[in-house]
1. If the reach is capped at under 27 angstrom between alpha carbons, list the lysines near B:K111, excluding any in the same chain fewer than eight residues apart.
2. At what distance in angstrom do the alpha carbon centres of the range A:7-39 and the range A:110-162 lie from each other?
3. B:K162 accessible area, nearest 10 Å², 1.4 Å probe?
4. Once ligands and nucleic acids are excluded and a 1.4 Å probe is used, how much of A:S47 is accessible, expressed in Å² to the nearest 10?
5. What is the distance, in nm, between label points placed 7 Å from the Cα along the Cα-to-Cβ direction at B:D106 and at B:R17?
6. Would you please give the FRET efficiency between A:E22 and B:R129, computed as 1/(1 + (r/R0)^6) with r the Cβ-Cβ distance and R0 = 56 Å, to the nearest 0.05?
7. Compute the orientation-averaged projected area for the range A:4-178 from the convex hull of its Cα atoms and round it to one decimal in nm².
8. How much net charge surrounds A:A108 when only the other residues with a Cβ under 14 Å from the Cβ of A:A108 are counted, with Lys and Arg +1 and Asp and Glu -1?
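The values are calculated or read from the model by the stated rules, or taken from the named source; none is laboratory data. Owing to the predicted nature of the structure, the values given are computational and were not obtained by experimental measurement. For neighbour counting, all protein chains shown are included, and Cβ atoms are generated from backbone atoms with ideal geometry for every residue, glycine included. Keep in mind that these areas ignore ligands, DNA and RNA; they rest on the heavy atoms of the full protein, side chains included. Shrake-Rupley method; radii C 1.70, N 1.55, O 1.52, S 1.80 Å.
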Amino acid sequence: MARLTLANVPAALEPALRHVLEDAPLPTLVAGPGDAQVGPFIELTQSQWNEAIDGMTGAFRAARDAAATMIESGEGGRIVLLSNPPAVRAVHGAALAATGGGFLTTAAQVAAAELAEHGITSNVVGAGWTEGSGFVEGIPAGRLARPEEIAAVVAFLASEAASYVNGAVITVDGGFTITKTAGGSPLLR
Amino acid sequence: MRLQGKIALVTGASHERGIGRGIALALAQAGADVACSDIGFEDQGEQLAALIRDLGQRSMFVRADVSDRTDVDELIEQVETTLGPLDIACSNAGTADWEAFHEISDASLEKIVGANLTGAFNVGQAAARAMARSERDGRIVFTSSVHVQMGFPSMAVYGATKQGVRALAEHMAIELAPIGILVNHIGPGWVKSQLNDNSPGLQTEEDEAATIELIPIPRPSEAIDQGHAVVYLCSEEAGYVTGEFLRVDGGFVVGKY
């Protein structure tokens, strides 16, 4: 396989990921659930749901295919699946994103258990919102994430230094999911 | 009785060893009228409905595929037309396969996601809309799994769908509480259900004995154990409980060995 495969990663993250992973020591896959639609649960449409399912299963297939290729090559590899803040702490209007993030979290962890014997690690990055997605309110850091801050953690997981990190969920969200604030969800304003 | 006068729907209810049957019978024993649905096992579904009628409650069986939204909308319409406005929806239907992560087939992925995750969305949203339309308080209970808290090799898709259901249930909980709909999910441990018949780790008496050794309460769960938990979540006593995960696994996932 190519040394680096990106599947369904947010457009805002892609340049930063490519930059830090261009010299990744092992074949590396990074995949996410895609950009899910925002809206009240009770009003979500079938097409919005189907689009979210396509995103999360697309990432799943990418991880499965990457694992098969990594096993065949005998070289091992790194799988990093992307989750998101609502998958950890519910946010009004974010049911679709959360479902995808949750789905990929357990997918990555089961993959971690199965693939370790092949020299493959599989981990999750809970990627906080970057410019153009999500909102600042309620983030203890007081700002959105910079793409390079997400990419740096992915790069760590792809590196030799992370060879014993497997099945982990590393959240990079400025502290958003550790607390709760008043005022309702900006996603629905 | 705790659920006297309530109208309930249970999906994946038919099979005689299934969790759904335990949920349906426990709800009926608590006084609810219970509609039972399943994609198959229709004879067993009709027999379950008869059992519930023997308990003095109204019941019906409706065949439906939860992965098909049209089926689900028609199911709820039939239940409401026959039994009355829905108070309780138990989204329990599910399926599983055991496959190595790198060899999971597209067909298996689509089947499990369709039943377990899209099925949960379809039943959860259709039930919530029905409850909102009738302006009644409601309870929605999903059957998720211990997989929400512990990964099991060869079951990546199953586990992923259940984690998706967990996230979905939590979002439904925060969004629907203001209109009186509470949403929770149960986490069954090992039930000797039809779903587990193909589990490679549960094929022999020795397999079962080894599994029991992992469970602090040293036995498999009876389906009715799951039903009792659902009755609690649907009762007045659980009126301040939403977004919760009630694990009913005999203590299985608390420890690793």
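1. Qualifying lysines at Cα under 27 Å: B:K162, B:K192.
2. 10
3. The value for B:K162 is about 10 Å².
4. 80
5. 3.4
6. On the way: r = 49 Å, r/R0 = 0.87.
Once rounded, the FRET efficiency stands at 0.70.
7. The orientation-averaged projected area of the Cα hull of the range A:4-178 comes to 9.3 nm².
8. +2
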